[in-house]
Amino acid sequence: MQINFYRVRIPFLRPFTTSFGTENYREAILFRLVHDGIEAYSEAVTSPIPDYGYEDNATVMHIIGDFAAKYISDLPDPSTFMERAKGIKGHNMAKAALEMLLWDYHSKVNDQPLYKYIGRSRGYANVGISIGMAKIEEMLEQIEKAVSMGYKRIKIKIARGKEGLVREVRDAFPDIPLSVDANGDYTPSDIPRLKDLDRYDLEYIEQPFPGDDLIYHSRLKKEISTPLCLDESITSADKAKKAFEIGAADVINIKPGRIGGFTESLRVAEIARENGEHVWVGGMLETGIGRAFNIAFASLDLVDYPGDTSPNEKYFSRDIVRNPFKMKNGIIEPYHDPGIGVRIDEESLLRYLVDAGTISV
Ligand code: OSB
Ligand code: MG
């Protein structure tokens, strides 16, 4: 069997700035397999740079091509694949790309939309937005538009020393559900600075300390009243369990790519539920392919908070799919066609293509 890969580079409508830098385009690796008339797709959430985590597009190609792809030659179910891949340490984003390819494949074999195939779904995703750092006027304008579009939660990126942005946004919008995401930019000596954020009535503070930390997050949680959300720190169900056990989180941002796919992400959501805590589905600026996975997952009953799953038009003037999502009143319905339900726009894919090839398994 063969897996096709396509590396695409799609310019963003506007640059996206986080505490680790500015991205001007999405460079994604897409995977495709065809078997018995069924065509499945997935997307690695990595970018060309290992800034969010240690993986990047090159490590994904290396791990899949040299180690992981052989485990899907008989198209096992996703959890069997993950068992087989246990010997490969880490590299969740590479594993997730194959694991999710199998979810799309098997839901299509079963002639079911992915969102129904995964588990109990409410049939729609509650949608929030993630707004990058920019000049305050520009951010306020974006927030204004997002509020009028019906987004259910506004998240702004922050960095150490940029707390003034939160004050300006809160002054302009006293009542919106608001959160902040630091992408690990703070250190434990900044605890007083983070405590100051309590005055802004935030839904939560996302990932103030770096992704390898749980201990300092638990220390911080004892000192602030704003709930804490972890993103980078939660890479497995085991980490989620530990985070709740030591009181390091109230909320988890589930990105199936970071957690190694849907199988493990479902466990994370169940653990949060058992602990009376909360989860939502984050994003990695994905194309329409990765987005369809995220929206299917975000529609699950287990996911109780609005996610970072904006419709395609927030990111790209033209995506690589012919059926971009539409948001109505802060809600997006997953596709009802089998699997992820995405129809590829071949012309657009070709236009953005920078590299393609096959992996034989
Ligand atoms: O921390 O949630 C994050 C984008 C890239 C890397 C990390 C993050 C983000 C976002 C954007 O916040 C979410 C999205 O709109 O896809
Ligand atoms: Mg985050």
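Quick one: Debye curve from the alpha-carbon atoms of segment 310-361 only, equal weights, vacuum; give me log10 I(q)/I(0) at q = 0.15, 0.20 Å⁻¹ to two decimals.
Summing over Cα pairs of segment 310-361 leads to -0.55, -0.84.
Ranked highest first by average number of other Cβ atoms within 10 Å, how do 64-71, 338-345 line up?
338-345, 64-71
By average Cβ neighbour count within 10 Å, what is the ranking of 121-133, 273-285 from highest down?
The packing order, highest mean first, is 121-133, 273-285.
Under 15 Å from a point 7 Å along the Cα-to-Cβ line of residue 112: which residues of segment 333-357 have their amide N that close?
Once the point is set 7 Å along Cα→Cβ of residue 112, 336-341 turn out to lie under 15 Å by backbone N, inside segment 333-357.
Between 0 and 90 degrees, rounded to the nearest ten: what's the tilt of helix 262-274 against the longest Cα principal axis of the chain?
Here the helix axis deviates by roughly 40 degrees.
Please figure out what share of the DSSP beta bridges in segment 226-361 is antiparallel and state it in percent, rounded to the nearest 5.
25 percent
Of the peptides 167-174, 311-318, 257-264, 72-79, how do they stack up when ordered by the mean number of other Cβ atoms within 10 Å, highest first?
257-264, 311-318, 72-79, 167-174
How tilted is helix 92-109 with respect to the longest principal axis of the chain? Cα atoms for both, answer in degrees (0 to 90, nearest 10).
60 degrees
In straight Cα distance, which aspartates and glutamates are under 14 Å from residue 89, not counting same-chain residues fewer than 8 positions off?
List returned: 55, 66.
State the antiparallel share, in %, of DSSP beta bridges confined to the chain, rounding to the nearest 5.
60 percent
Please report the relative contact order for the chain, taking Cα pairs under 8 Å with a sequence separation of at least 6, and give it as a percent rounded to a whole number.
Taking the mean separation of contacting Cα pairs over the length of the chain, I get 23 percent.
When you take every Cα atom in the chain, what is the radius of gyration, and what is Dmax, the widest Cα pair distance, in Å?
Radius of gyration, then largest Cα-Cα span, for the chain: 19.4, 60 Å.
Which whole-Hz couplings ³J(HN,Hα) result when phi for each residue of segment 323-339 is put into the Karplus expression 6.51 cos²θ - 1.76 cosθ + 1.60, θ = phi - 60°, listed in order with x for Gly and Pro?
Along segment 323-339, the couplings run 10, x, 5, 10, 9, 10, 6, x, 10, 10, 8, x, 5, 9, 5, x, x Hz.
Could you give the size of the charge dipole of the chain about its Cα centre, using +1 on the Cβ of each K and R and -1 on the Cβ of each D and E, expressed in debye and rounded to the nearest 20?
For the chain, the charge dipole is close to 100 debye.
Over the residues of segment 247-361, compute the C-alpha Rg and express it relative to 2.2 N^0.38 Å.
Relative to the rule-of-thumb radius for its length, segment 247-361 sits at 1.18.
Could you work out the relative contact order of segment 213-310, using alpha carbon pairs under 8 angstrom and six or more residues apart, expressed as a whole percent?
Averaging sequence separation for qualifying contacts and normalising by length gives 24 percent for segment 213-310.
Residue 89 to residue 219: FRET efficiency via 1/(1 + (r/R0)^6), r the Cβ-Cβ distance, R0 30 Å, to the nearest 0.05?
Step by step, r from the Cβ atoms, then E = 0.60.
Once the dipole of segment 246-353 is set up with Lys and Arg at +1 and Asp and Glu at -1 on Cβ about the Cα centre, which of 317, 300, 338 lies farthest towards its positive end?
Among 317, 300, 338, the one farthest towards the positive end of the dipole of segment 246-353 is 317.
Rounded to a whole number, what % of the accessible area of the chain do carbon and sulfur atoms account for, probe 1.4 Å?
So the carbon and sulfur contribution to the accessible surface is 48 percent.
Give the accessible surface of the chain per residue, rounded to a whole number of Å², with probe radius 1.4 Å and ligands, DNA and RNA excluded.
That works out to 40 Å² per residue.
Regarding segment 225-264, what whole-number volume in Å³ per residue does the convex hull of its Cα atoms give?
Spelled out: Cα convex hull of segment 225-264, divided by residues, is 55 Å³.
Suppose a student asked you for the relative contact order of segment 60-215, using Cα pairs under 8 Å spaced at least 6 residues apart; what percent would you report?
Across segment 60-215, relative contact order equals 14 percent.
Aspartates and glutamates near residue 239 by alpha-carbon distance under 15 Å, same-chain residues fewer than 8 away left out - which ones?
Answer for residue 239, where 15 Å is the Cα cut-off: 212, 213, 231, 250, 264, 270, 274, 277, listed by chain and number.
The values are calculated or read from the model by the stated rules, or taken from the named source; none is laboratory data. Remember, it's a predicted structure, so these values are computed and weren't measured experimentally. Note that we place each Cβ from the backbone using ideal geometry, even for glycine, and neighbour counts take in every protein chain shown. Heavy atoms of the whole protein, side chains included, go into the accessibility calculation; ligands, DNA and RNA do not. Shrake-Rupley method; radii C 1.70, N 1.55, O 1.52, S 1.80 Å.
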